[in-house]
Amino acid sequence: MLNTRIRKLIEWHFYNYEADNNLVKEREEDITYANLTVNMTPSMGHSNKTSDPTAWKAEKLFELGRDWSAVVRNTFTAFKFEPEYDIMVDLYVKKMRYAEIIKSDKNKYGLNERTFFYWRERWLEVALTWAEEFRLM
């Protein structure tokens, strides 16, 4: 269920997608170049940590792929062929303000406020579903 706090959190990640994505790329490089040698020290008991560096990297990269930038990408993909996709791009990618999209004299989409807010609610609900799927919420 979307409340104001969750709505703001999700929209923050939409607006800051580039920063989130750059952070993921940096982490990918760190994981890729970490632990290039096998740990040969004997352990006294069983450990839940993977001893194979390749398997460890694969696990970490899989976990890394389930982040906020993936939530944003998946949400945009879900609406790729819907009429509101262009509104999403204007709002979150081009960082246009609500007034520029709806209330201007050049309302190129012909939207009214009610439709805009209904669509925005749909986007945020899909994003919330992805965030819950990735256990980010």
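Here, each number is a calculation from the coordinates, and none is a lab measurement. Remember, predicted model here, so these are calculated numbers, not experimental data.
Return the subset of Lys25/Lys95; Lys25/Lys57; Lys60/Lys94 for which the Cα-Cα distance in this structure is over 21 Å, preserving the input order. Walk me through the intermediate numbers first.
Working: Lys25/Lys95 23 Å; Lys25/Lys57 14 Å; Lys60/Lys94 32 Å.
Beyond 21 Å: Lys25/Lys95; Lys60/Lys94.
Run the numbers for Ala58 and Lys94: contour at 0.36 nm per residue of separation, minus the present Cα-Cα distance, in nm. Before the final figure, lay out each step's value.
Details: separation 36, 0.36 × 36 = 12.96 nm, distance 3.43 nm.
In short, 9.5 nm is gained.
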